Amino acid sequence: MTTEKPLRADAERNRRRILEAAAELFATKGLSVGLDEIAHHAGVGVGTAYRRFPDKRRLIEELFEDRVARLVELAEEALAADDAWEGLAGFLERATEDQIANRGLKEIVFGGDQGTELAKDARARVAPLIDRLVRRAQASGSLRSDVVASDVPLLQFIVSSVAELTGPNAPKIWRRYLALVLDGLRTPDPHPLPQLGLSLDELDAAGRKARVRSS
């Protein structure tokens, strides 16, 4: 009994080091980072990493559950805003900023292979809230009527991709393109869009095909 408590404390310290290392690597490199690299970054043995997290999916789920919960919180706060347009625009800005800061979160939101189940859960929780944000802004007359809910994550993807392209050379330039996107979403008198927006099922299917092409 006298040696068991220190072993448990060591195990918990190692677990926290693995989680912190994974958070750093996932944020900068995405979810494809392997447990071997995570162990090395954490300064623990590879065997230790596999004992704590024999399935990397469990590590991803534990690490990103709070990030997904934050997206839900952002959407709920946006729905509670007095001004429907400001609520939608604020959600777009804050959610995009989170995804730019964390590549792993972006992959989860857009269905990266390593976070498939968590991605499905994230979309199931966030998509209905985004739909309400869109409908609310349209009902207020501030959002063009031909926007659909699936446009919102795709626009986030476009803007966050600008940040990936420019990187540290122009870390804030994405805000310029977010402003252009927001101006394109607003009424009055927008030019009609050339095609209908995707349904949520079509968006999922497009993401799956893109992952197959990149593999």
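The values are calculated or read from the model by the stated rules, or taken from the named source; none is laboratory data. Please read these numbers as outputs of a predicted model, since none were measured by experiment. We place every Cβ from the backbone using ideal geometry, glycine too, and count neighbours over all the protein chains shown. What goes into the accessible areas is simple: the full protein's heavy atoms, side chains included, and nothing from ligands, DNA or RNA. Shrake-Rupley method; radii C 1.70, N 1.55, O 1.52, S 1.80 Å.
Answer yes or no: is there a residue in region 98-108 that is small (Gly, Ala, Ser), more than 29 Å from SER145 (Cα to Cα), open to solvent by less than 20 Å² (accessible area, probe 1.4 Å) and in a helix (DSSP H, G or I). Spell out the reasoning first.
First pass over region 98-108, keeping only residues small (Gly, Ala, Ser): 101, 104.
Restricting the remaining residues to those that are more than 29 Å from SER145 (Cα to Cα) gives 101, 104.
From what's left, open to solvent by less than 20 Å² (accessible area, probe 1.4 Å): 104.
Restricting the remaining residues to those that are in a helix (DSSP H, G or I) gives 104.
Yes, region 98-108 contains a residue that is small (Gly, Ala, Ser), more than 29 Å from SER145 (Cα to Cα), open to solvent by less than 20 Å² (accessible area, probe 1.4 Å) and in a helix (DSSP H, G or I).
Report, by residue number, each residue of region 55-80 that is over 30 Å from ARG132 (Cα atoms) and at pLDDT 85 or above.
The initial filter retains those residues of region 55-80 that are over 30 Å from ARG132 (Cα atoms), namely 55-59.
Hit for region 55-80 is LEU59, nothing else.
So which pairs qualify, if the first residue must be in region 152-174 and at negative phi and in a helix (DSSP H, G or I), the second must be surrounded by 14 or more Cβ atoms within 10 Å (Cβ to Cβ) and of a type in the set (D, E, K, R), the Cβ gap must be under 7 Å, and the two must be at least 6 apart or on different chains?
That search, which allows pairs on different chains as well, returns SER160/LYS106.
For GLY111, work out the one condition from (1) part of a loop (DSSP other than H, G, I, E, B); (2) farther than 21 Å from LEU200 by Cβ; (3) modelled with pLDDT under 90 it doesn't fulfil.
Exception for GLY111: condition (2).
Before we move on, is ARG15 farther than 22 Å from ILE100 by Cα and assigned to a helix (DSSP H, G or I)?
Values: farther than 22 Å from ILE100 by Cα: yes; assigned to a helix (DSSP H, G or I): yes.
Considered against the rule, which asks whether it is farther than 22 Å from ILE100 by Cα and assigned to a helix (DSSP H, G or I), ARG15 comes out as yes.
Within region 7-29, is even one residue without any contact (Cβ under 8 Å) to a residue 12 or more places away in the chain and surrounded by 15 or more Cβ atoms within 10 Å (Cβ to Cβ)? Explain how you work it out, then say what you get.
Applying the first criterion (without any contact (Cβ under 8 Å) to a residue 12 or more places away in the chain) to region 7-29 yields 7-10, 12-13, 16.
Those still in the list that are surrounded by 15 or more Cβ atoms within 10 Å (Cβ to Cβ) too: none.
No, every residue in region 7-29 fails to be without any contact (Cβ under 8 Å) to a residue 12 or more places away in the chain and surrounded by 15 or more Cβ atoms within 10 Å (Cβ to Cβ).
Do you know which of the residues in region 45-60 that are in a helix (DSSP H, G or I) and open to solvent by less than 70 Å² (accessible area, probe 1.4 Å) is nearest to ASP10 (Cα to Cα)? Spell out the reasoning first.
First, pick out the residues of region 45-60 that are in a helix (DSSP H, G or I): 46-52, 56-60.
Restricting the remaining residues to those that are open to solvent by less than 70 Å² (accessible area, probe 1.4 Å) gives 46-49, 56, 59-60.
Numbers: VAL46: 15, GLY47: 14, THR48: 11, ALA49: 13, LYS56: 21, LEU59: 18, ILE60: 22 Å.
Step by step, filter region 45-60, then rank; the result is THR48.
List the number of the failed condition for ASP36; all other conditions in (1) open to solvent by 40 Å² or more (accessible area, probe 1.4 Å); (2) closer than 30 Å to ARG176 by Cβ; (3) of a type outside the set (Lys, Arg) hold.
Of everything listed in (1) open to solvent by 40 Å² or more (accessible area, probe 1.4 Å); (2) closer than 30 Å to ARG176 by Cβ; (3) of a type outside the set (Lys, Arg), ASP36 misses just condition (2).
Given the options PHE64, PHE91, name the one that is under 14 Å from PHE26 (Cβ atoms), part of a helix (DSSP H, G or I) and open to solvent by less than 20 Å² (accessible area, probe 1.4 Å). Give the steps one after another, and end with the answer.
Working: PHE91 fails: under 14 Å from PHE26 (Cβ atoms).
Being under 14 Å from PHE26 (Cβ atoms), part of a helix (DSSP H, G or I) and open to solvent by less than 20 Å² (accessible area, probe 1.4 Å) holds for just one of PHE64, PHE91, which is PHE64.
Would you pick out the residues in region 191-215 that are at pLDDT below 75, open to solvent by 50 Å² or more (accessible area, probe 1.4 Å), more than 14 Å from VAL109 (Cα to Cα) and assigned to a helix (DSSP H, G or I)?
Within region 191-215, LYS209, VAL212, ARG213, SER214 qualify.
Restricting attention to region 130-141, does a residue exist that is open to solvent by less than 50 Å² (accessible area, probe 1.4 Å), within 21 Å of GLY184 (Cβ to Cβ) and part of a loop (DSSP other than H, G, I, E, B)?
yes
How many residues are among the acidic types (Asp, Glu) and either at pLDDT 80 or above or within 20 Å of PHE91 (Cα to Cα) (or both) if we restrict to region 166-190?
Summing the residues that are among the acidic types (Asp, Glu) and either at pLDDT 80 or above or within 20 Å of PHE91 (Cα to Cα) (or both) in region 166-190 gives 1.
Among the residues of region 142-164 satisfying the criterion of being of a type in the set (Gly, Ala, Ser) and crowded, with 18+ Cβ neighbours inside 10 Å, which is farthest from HIS191 (Cα to Cα)? If you could, list the steps in order and put the result at the bottom.
The first filter runs over region 142-164 and keeps only residues of a type in the set (Gly, Ala, Ser), leaving 142, 145, 149-150, 160-161, 163.
Now drop any that are not crowded, with 18+ Cβ neighbours inside 10 Å, which leaves 142, 149-150, 160, 163.
Working: SER142: 15, ALA149: 19, SER150: 19, SER160: 24, ALA163: 27 Å.
Out of the qualifying residues, it is ALA163.
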